[in-house]
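> Please see the structure below; I have some questions.
The values are calculated or read from the model by the stated rules, or taken from the named source; none is laboratory data. Computed from a predicted structure; not experimentally measured. Positions of Cβ are generated from backbone atoms using ideal geometry, with glycine treated the same way; all protein chains shown enter the neighbour counts. Surface accessibility is based on the protein's heavy atoms, side chains included, excluding ligands, DNA and RNA. Shrake-Rupley method; radii C 1.70, N 1.55, O 1.52, S 1.80 Å.
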Amino acid sequence: EEAEAFCRRFEGTAGGLVRTMFAPDRIETCTPELLRRTAEAGRALEVPVRLHCCQALYEYDSVVEQHGMSPPEWLESIGFLGPRVLLPHGIFVSGINGVERPGHDLEILAGSGATIVHCPAVAARGGWLLRSFSRYRALGINIGLGTDTHPPDMIQNMALAVMLARM
């Protein structure tokens, strides 16, 4: 409720320079109710919602254990996904980076209009990378570039993105 009030008060102020968003943080620690309410508020207020998703194998496996579905399947089932949803990482999905569980995670994300936010420095630190930009793009998945670390050095992340893509 406080986050909704904040968005209502400040979204678009200062001549449109101030922008707001919801950021419930980590998928494996959020309740279905929190994510449903956050998604509804984001749609109603027309602001982005950011939620870490498919960042690590542990997170992926935790969501499968908790809900019997992959992170994208679960988010779709509770009505969370949509065009204003920003999902940092998107690295661990069905059939990629050691996820052996069959599924259609990338197709779900593509159909939802959500955006994967690629964070190269965080991925490289963990020894992972987004495996195929062309595959994601061919499916119609939106991909943005983010930092998700301190300091938020976008130049460093752009350079790392190029290097990792070459690998």
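> Inspect all residues belonging to segment 18-30 and state whether any of them is open to solvent by 90 Å² or more (accessible area, probe 1.4 Å) and closer than 22 Å to residue 69 by Cβ.
Checked against the condition, which is being open to solvent by 90 Å² or more (accessible area, probe 1.4 Å) and closer than 22 Å to residue 69 by Cβ, segment 18-30 yields at least one hit.
> Select from segment 120-131 the residues that are of a type outside the set (A, V, I, L, M) and assigned to a helix (DSSP H, G or I) and write down the one among them that is nearest to the chain's Cα centre (by Cα).
At the first step, the residues of segment 120-131 found to be of a type outside the set (A, V, I, L, M) are 120, 125-128, 131.
Those still in the list that are assigned to a helix (DSSP H, G or I) too: 120, 125-126.
Numbers: 120: 14, 125: 18, 126: 17 Å.
Applying the filter and picking the extreme gives 120.
> Could I ask something else about it? So, in segment 1-17, how many residues would count as being in contact with a strand residue (DSSP E or B) (Cβ under 9 Å, 6 or more places away or on another chain) and open to solvent by 40 Å² or more (accessible area, probe 1.4 Å)? Spell out the reasoning first.
So the first thing to find is which residues in segment 1-17 are in contact with a strand residue (DSSP E or B) (Cβ under 9 Å, 6 or more places away or on another chain), and the list is 3-4, 7.
From what's left, open to solvent by 40 Å² or more (accessible area, probe 1.4 Å): 3-4.
Final tally of qualifying residues: 2.
> Name the residue, out of 126, 140, 144, that is in contact with a strand residue (DSSP E or B) (Cβ under 7 Å, 6 or more places away or on another chain) and not aromatic (Phe, Trp, Tyr). Show your work before the answer.
Numbers: 126 fails: in contact with a strand residue (DSSP E or B) (Cβ under 7 Å, 6 or more places away or on another chain); 140 fails: in contact with a strand residue (DSSP E or B) (Cβ under 7 Å, 6 or more places away or on another chain).
Of 126, 140, 144, the one residue that is in contact with a strand residue (DSSP E or B) (Cβ under 7 Å, 6 or more places away or on another chain) and not aromatic (Phe, Trp, Tyr) is 144.
> Could you list, in sequence order, all residues of segment 132-151 that are assigned to a loop (DSSP other than H, G, I, E, B) and either within 17 Å of the chain's Cα centre (by Cα) or in contact (Cβ under 8 Å) with a residue 40 or more places away in the chain (or both)?
Selection gives 132, 139, 140, 141, 146, 147, 148, 149.
> Regarding residue 165, is this residue open to solvent by less than 40 Å² (accessible area, probe 1.4 Å) and assigned to a helix (DSSP H, G or I)?
So residue 165 fails the test.
> Those residues that are open to solvent by less than 60 Å² (accessible area, probe 1.4 Å), aliphatic (A, V, I, L, M) and farther than 14 Å from residue 91 by Cα, I need them from segment 120-162; list them, please.
159, 160 - these are the residues of segment 120-162 that are open to solvent by less than 60 Å² (accessible area, probe 1.4 Å), aliphatic (A, V, I, L, M) and farther than 14 Å from residue 91 by Cα.
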